[in-house]
Amino acid sequence: MGDTLIVYGTRRGASEVSAGVIKDILEGEFGLDVDVFNVKQLDKKFSLEPYANVIVGASIALGRWARRAKKFLGKNDFAGKKLAIFISSGFAGEALKEGNEKKYEKAMEDYMTPVVQDFHLDPVSTKGLGGWWKKDVTDSDSYNWNRDDVEAWARTLGKIFVG
């Protein structure tokens, strides 16, 4: 078991790819031991107990969270854990690509803030990342995911997690 857990819910794969990039940075640059799971893999007996750091990622499609990832946030107790949350959202990715801070804040207000407030969460960091809306991401009009954005956020998390 690692000291850091990444759980993600995905529809087209962007959250899964982001989880892998985050894992690589946290292990390679910060020496953390990271376990990664698709939320679908977890059974009811799964425990957060061994983990100091928990990252939850979810895709957003048509304004809705990947259901199981949202449920994971709602049913678990993150007390004593450093919790971080990311979303894979075309709207957030578009804002990042454009450098449009107002648009990015709107994406976070629409998609992240309600979940954090509804479940009374206190994350150490939240991030809206880009995504893709077709399984075939060779068409640049079908994605706005950016590896640099994911890597930068992973480095921010690494600094927070290692203190």
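Just so it is clear, none of the values below were taken in a lab; they were calculated from the coordinates. Note that this is a predicted model, so its numbers are computed, not measured. Neighbour counts run over all protein chains shown; Cβ positions are idealised from the backbone, glycine included.
For the pairs LYS81/LYS159; LYS23/LYS70; LYS45/LYS75; LYS82/LYS102; LYS23/LYS44; LYS23/LYS127, flag any whose C-alpha to C-alpha distance is greater than 18 Å.
LYS23/LYS70; LYS82/LYS102; LYS23/LYS44
With each label point set 7 Å from Cα along the Cα-Cβ vector, what nm distance links ASP110 and LEU42?
Calculated label separation equals 2.7 nm.
Most exposed first by the Cβ proxy, i.e. fewest other Cβ within 10 Å, how do SER88, SER15, SER47 rank?
So the ranking, lowest neighbour count to highest, is SER47, SER15, SER88.
List every residue whose amide H lies under 5 Å from the amide H of GLY57, counting only residues 5 or more places away in sequence or on a different chain, with H placed 1.01 Å from N in the peptide plane.
VAL7, TYR8, GLY9, PHE86
Tell me, what is the percent relative contact order of the range 4-162, built from C-alpha pairs under 8 Å that lie six or more residues apart?
27
Given a 10 angstrom Cα cut-off, can you work out which residue in LYS102, LYS44, LYS81 is the most mobile in a GNM of the chain?
Evaluated over the chain, the most mobile residue of the options is LYS44.
On a full-extension model of 0.36 nm per residue, what is the gain between GLU101 and ASP33, subtracting their alpha-carbon distance, rounded to one decimal in nm?
21.2 nm
For the residues PHE46, PHE78, what sequence is obtained by ranking on other C-beta atoms within 10 Å, fewest first?
Fewest-to-most ranking of PHE46, PHE78: PHE46, PHE78.
Over the range 4-162, what is the percentage of antiparallel beta bridges among all DSSP beta bridges, to the nearest 5?
Antiparallel bridges: around 10 percent, rounded to the nearest 5.
Which ³J(HN,Hα) values, rounded to whole Hz and listed in residue order, are derived for the range 25-37 from phi using the Karplus coefficients 6.51, -1.76 and 1.60 in 6.51 cos²θ - 1.76 cosθ + 1.60 with θ = phi - 60°, glycine and proline given as x?
5, 5, 6, x, 9, 10, x, 7, 9, 10, 9, 10, 9
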